[in-house]
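Step one of this worksheet: look at the structure below.
The values are calculated or read from the model by the stated rules, or taken from the named source; none is laboratory data. Nothing here was measured: the structure is a model prediction, and the numbers come from that model. Heads up, the Cβs are rebuilt from the backbone with ideal geometry, glycines too, and the neighbour counts pull from every protein chain shown.
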Amino acid sequence: REINLGGTAIGTGINTDPRYQQLAVEELARISGQPLTAAEDLIAATSDMGDFVQLSGMLKRLAVKLSKISNDLRLLSSGPRTGINEINLPARQPGSSIMPGKVNPVIPEAVNQVTFEVIGNDLTLTMAAEAGQLQLNVMEPLITYKLFDSVRLLSRAMTMLREQCVEGITANEARCRAMVEQSISLVTALNPYIGYENATRIAQQAMATDTGILELVRQEGLLDEATLTAALHPDNMTAPCLR
């Protein structure tokens with residue numbers, strides 16, 4: 001909330017009325033509705049672009065997270081026959097002129113590209129902030145442009161992702177259940193109940209015979225159905241629990 005208004009060229013306030021800084025800051029605070037105050041060290045506030053670098057870094061962090069979410073959506077919706085195919089993304093446009101019926105995850109892909117641009121903006125801004133000399137930084141126009149550009153890009157990308165993708169996502173419940181039941185990793189949840197050696201043997205047998213973990217456990221009578229159900233309850237598989 002500290003600003004360097006009133007410092008003129010390099011923060012000394014030369015050639016201004018002694019009352020100018022206080023009056024100008026108070027008026028700007030009134031107009032903006034923000035609790036603005038004058039920086040204690042106007043020279044430092046004029047030459048140092050650190051606040052802009054920090055803000056840009058926060059925008060980059062948001063971009064990285066947004067890109068990761070888009071990557072997850074693309075992976076989870078891959079398929080339908082040879083991918084994960086746990087979820088369906090809304091179809092927004094034909095995906096190929098040579099493959100009829102192909103649909104691409106165009107919204108997450110577009111968001112990925114936006115986030116790459118924002119990450120690039122952060123690097124550009126960082127270099128511009130570093131390029132200052134002594135009391136001035138003539139690269140401020142570029143710094144300002146890149147900040148506003150990143151805010152605009154992220155704002156529009158998040159709105160697009162929500163409205164054109166996330167709100168229309170549906171789950172392939174049968175596919176999800178089948179993948180869980182066929183997963184070798186289920187043996188991890190059963191380890192406290194059947195022991196490490198049994199768990200290892202069951203896992204190896206499942207991979208060798210292309211048989212489900214649950215099917216083998218039932219065949220060998222290692223656990224009754226009630227215990228098996230409790231062991232595989234989502235609450236027990238997503239947090240520490242006592243046997």
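Given the structure, is residue 228 over 30 Å from residue 113 (Cα atoms), not in a helix (DSSP H, G or I) and not acidic (Asp, Glu)?
Criteria not met by residue 228.
Any idea how many residues of segment 125-141 are buried (at least 17 other Cβ atoms within 10 Å of the Cβ) and part of a helix (DSSP H, G or I)?
Total meeting the criteria: 4.
Of 226, 189, 171, 178, which residue is modelled with pLDDT of 95 or more and among the aliphatic types (A, V, I, L, M)?
171
Filtering segment 15-64 down to residues that are in a loop (DSSP other than H, G, I, E, B) and surrounded by 13 or more Cβ atoms within 10 Å (Cβ to Cβ), which residue is nearest to the chain's Cα centre (by Cα)?
49
When you scan segment 129-167, how many residues do you find that are closer than 30 Å to residue 11 by Cα and of a type in the set (Ser, Thr, Tyr)?
So the count comes out to 3.
Among all residue pairs at least 6 apart or on different chains, which show Cβ distances below 8 Å where the first residue, located in segment 143-165, is under 26 Å from residue 92 (Cα atoms) and outside the structural domain of residue 116 (by TED's automatic domain parsing) and the second is assigned to a helix (DSSP H, G or I) and among the hydroxyl-bearing types (Ser, Thr, Tyr)?
From residues that are under 26 Å from residue 92 (Cα atoms) and outside the structural domain of residue 116 (by TED's automatic domain parsing), there are no pairs.
From the list 208, 231, exactly one residue is surrounded by 11 or more Cβ atoms within 10 Å (Cβ to Cβ) and outside the structural domain of residue 86 (by TED's automatic domain parsing). Which is it?
On inspection, the qualifying residue turns out to be 231.
Given (1) free of Cβ contacts under 8 Å to residues at least 40 places away in the same chain; (2) closer than 19 Å to residue 172 by Cβ; (3) not in a helix (DSSP H, G or I), where does residue 85 come up short, assuming only one miss?
Unmet condition: (1).
For the structure I just gave you, tell me whether residue 112 is among the polar types (S, T, N, Q), part of a helix (DSSP H, G or I), in the same structural domain as residue 168 (by TED's automatic domain parsing) and surrounded by 13 or more Cβ atoms within 10 Å (Cβ to Cβ).
In short, yes.
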